[in-house]
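Only one structure is covered here, and it is reproduced in the block below.
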Amino acid sequence: MSTSDLTGELICALAGDPGHLRRLHDRLAAAAQADGILDIAYQTVDSPVGPLLLAATDLGLVRVAYASEDHDKVLQVLADRISPRILRAPGRLDATARELEEYFTGRRHSFDVPLDWRLAAGFRSTVLHHLPEIRYGQTATYAAVAQLAGNPQAVRAVGTACATNPLPVIVPCHRVVRSDGGLGGYLGGVDAKRTLLTLEAAA
Amino acid sequence: MEGKQPFDTVVATHSATVLRVCRAVLGPVDADDAWSETFLSAMKAYPDLPADANVQAWLVTIAHRKAIDITRAAARRAIPVAAPPDTPTAATADSRDLDLASALTGLPGKQKQAVAYHYLAGLPYADIAAILGGRTDAVRRAAADGIAALRRSHPDAATRRAELR
């Protein structure tokens, strides 16, 4: 018998089945949380606008990402900008997932989960902080939001702030539209923007 | 700037190998604790790991130390306990797999470590010598002795594999 046959058998004999490895992973996430080293917890939820990546620090929700943004890339950016100590750990995102589910079924009009704004800075951050003032079911133009944010000239900057919103859906940049009645762009794609506005108009 | 992978990717990539190594060195019962302690302590230190480090060798080094801790703690407790009736491997492995796994765990320390770290984790003998503290040729010999012992206790593996095909 060759050594590679024998080691092949050893590799099979010592293998953990997928369920076992999953339980070990969950146990690691719980221990990391308890030890205060789980810098970023994430999970993915299904929604009418496709799978959404949710990521939270111990301060709050730090990132919501559409599939079109490439979830692996988004996690890599979080690792580079915040910390590489990232694990899939649904527990920290339970409240967010529940509120999103209520939102997508028309039962929730605003979000209460704590937010970690660290990925938005400067005027962009100011713009994003004002967006929740646009009420559920309403829209506002880029120009109106520029005024709301205290700089009526900064219409383009409002567009940039919306396009780089780290917390889409939760921070409602989808409610910002063009003054000529057009929907304008959306970081999750125009179809997703239309879906959200239609959902809100129906409720 | 592209830095380290998210730790979740490290776990996904190396989880199965580290579990095999822990099972080989400690047996199925203590392996889960060794796995957990290895990844928890790796996650603590991860931000300080040099970007060009060999992650698998680093994890095996940590697992090696955790296994020693667990073995020492068990020796201190020194209360003989019966093996639990349903060990983690029992659900998926047949009795021959269990035999082979326990034959490996039953080898003398250096032999099973050399076999596990070289054949299961793919580390070069020089890296293993650094982990175990010793000479490379001594590690190579220990691995060869270990494989020879396993082959003696399980002579029919190749025949049986051929039958299964």
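Using the alpha carbon gyration tensor of the protein assembly as shown, what are the three equivalent-ellipsoid semi-axes (square root of 5 times each eigenvalue), largest first, in whole Å?
54, 20, 18
Provide the gained length on full extension for the span A:S125 to A:H109, in nm with one decimal, where the gain is 0.36 nm per separating residue minus the Cα-Cα distance.
Values: separation 16, 0.36 × 16 = 5.76 nm, distance 2.19 nm.
The A:S125-A:H109 span can extend by a further 3.6 nm.
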Query - Distance histogram for chain A (every C-alpha pair counted, 5 angstrom bins, percent rounded to whole numbers) - result: 1, 7, 14, 17, 17, 14, 9, 6, 4, 3, 2, 2, 2, 1, 0, 0
Report task. Pick out, from A:S179, A:P132, A:L93, the residue whose Cα sits farthest towards the positive end of the charge dipole of chain A, with +1 on the Cβ of Lys and Arg and -1 on the Cβ of Asp and Glu. Result -> A:S179
Query raised in the report: According to a simple spin-label model (label point 7 Å from Cα along Cα-to-Cβ), what is the distance in nm between A:D180 and B:I68?
Result: 7.2 nm
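Starting from 0.36 nm per residue, how many nanometres of slack lie between B:V29 and B:L49 once their C-alpha separation is accounted for? Mind showing how you got there, number by number?
Details: separation 20, 0.36 × 20 = 7.20 nm, distance 2.98 nm.
Value of the extension gain: 4.2 nm.
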Query raised in the report: Mind checking which aspartates and glutamates have their C-alpha under 13 Å from A:K73, skipping anything on the same chain fewer than 8 residues away?
Result: B:E2
Query raised in the report: Between segment A:55-109 and segment B:31-70, what is the C-alpha centre distance in whole Å?
Result: 27 Å
Query - Estimated inter-spin distance, A:K73 and A:A202, nm [label 7 Å along Cα→Cβ] - result: 3.1 nm
**Report entry** Residues of type lysines that B:K66 reaches as a straight line, Cα spacing below 29 Å, ignoring anything fewer than 8 places off in the same chain
**Finding:** B:K4, B:K44, B:K110, B:K112
Query raised in the report: How far is helix A:190-202 tilted off the main Cα axis of chain A, in degrees rounded to 10, range 0 to 90?
Result: 70 degrees
**Report entry** Distance (nanometres) between label positions extended 7 Å along Cα→Cβ at A:E102 and A:R23
**Finding:** 3.4 nm
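Working out 0.36 nm times the residue gap between A:A143 and A:I11, then minus their Cα-Cα distance, what length gain in nm do you get to one decimal? Please report the intermediate quantities before stating the final value.
Numbers: separation 132, 0.36 × 132 = 47.52 nm, distance 6.32 nm.
Here the answer is 41.2 nm.
Please give the FRET efficiency for A:Q33 paired with B:A78, using the beta carbon to beta carbon distance and R0 = 35 Å, rounded to the nearest 0.05. Present the calculation step by step, with values, prior to reporting the outcome.
Values: r = 34 Å, r/R0 = 0.96.
Computed FRET efficiency for A:Q33 and B:A78 comes out at 0.55.
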Query raised in the report: In segment A:41-78, which residues have a backbone nitrogen under 19 Å from the label point lying 7 Å from A:D191's Cα in the Cα-to-Cβ direction?
Result: A:45-53, A:65-71
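Readers should treat all values here as calculations from the given coordinates under stated rules, not as data from a laboratory. This one's a predicted model, so the numbers in the text were calculated from it and none came from an experiment. A quick note on method: Cβ atoms are made from the backbone with ideal geometry, for glycine too, and the neighbour counts reach across all protein chains shown.
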